[in-house]
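**Student:** Just dropping this structure here.
Bear in mind that the values in this text are calculations on the coordinates, not laboratory data. Keep in mind that what you see is a predicted model, and the values were worked out from it rather than measured. As a convention, Cβ positions derive from the backbone with ideal geometry for all residues, glycine included, and neighbour counts pool all protein chains shown.
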Amino acid sequence: MIFSKYSVKTISIVSCILIWTLLGALPSLAEAPQNSPAGKTWSQDKRFVDNGDGTITDTKTNLMWMKKESHQQTGHWLNWAGSFDYVKKVNAEGFANHYDWQMPTLEDLKTLFEPDKTNSKQLGREMIIHIDPIFEKEGSGIWWALEDNGNFNAFGIEFNNGNKFSAPKQSIARKVVRPMRVIKP
């Protein structure tokens, strides 16, 4: 079979691009988020996997998180009791085909705080949220945890500084929950 000059040039260019890619000579492609065949996207440091179904898997802790926190899903801030109701709701609906979502503990939440990473600013505020940018942007930086602090207060984490806070359980001021579940390694 005889190829025209145009076909030979096209084949040569494609061959060069393929060789450059295999040799790693195209760094911009190597730095892009890596998609797996199943449509999953990895974080830049390969710690987190966006599963493409509204969930993020943390390969370091074997915890699965909702990609969006409660305000990003509903448009409503939550008090502490409302956070438990929200978790019950996502379980009843089988979010991402899972029925074992939980309120995160303080320790669970602390694993997401990464001071060297910036996700975005908190919605409507100047607070910078220090979690991996693979999570949904412009949410809340103040998340409720499972633990309470007596009859009237409960704990959570502030994601601008990683500190634990204690607030009245009835407080809804820019507070949310991000449900999580434990996955089998």
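**Student:** Lysine pairs in the stretch 41-182 with Cα distance under 17 Å, only those 8 or more apart or on different chains: how many are there?
**Tutor:** Lysine pair count for the stretch 41-182: 23.
**Student:** Using the charge dipole of the stretch 41-182 (Lys, Arg: +1 at Cβ; Asp, Glu: -1 at Cβ; taken about the Cα centre), state which of Met64, Ala145, Gly94 has its Cα farthest towards the positive end.
**Tutor:** Value computed over the given set: Ala145.
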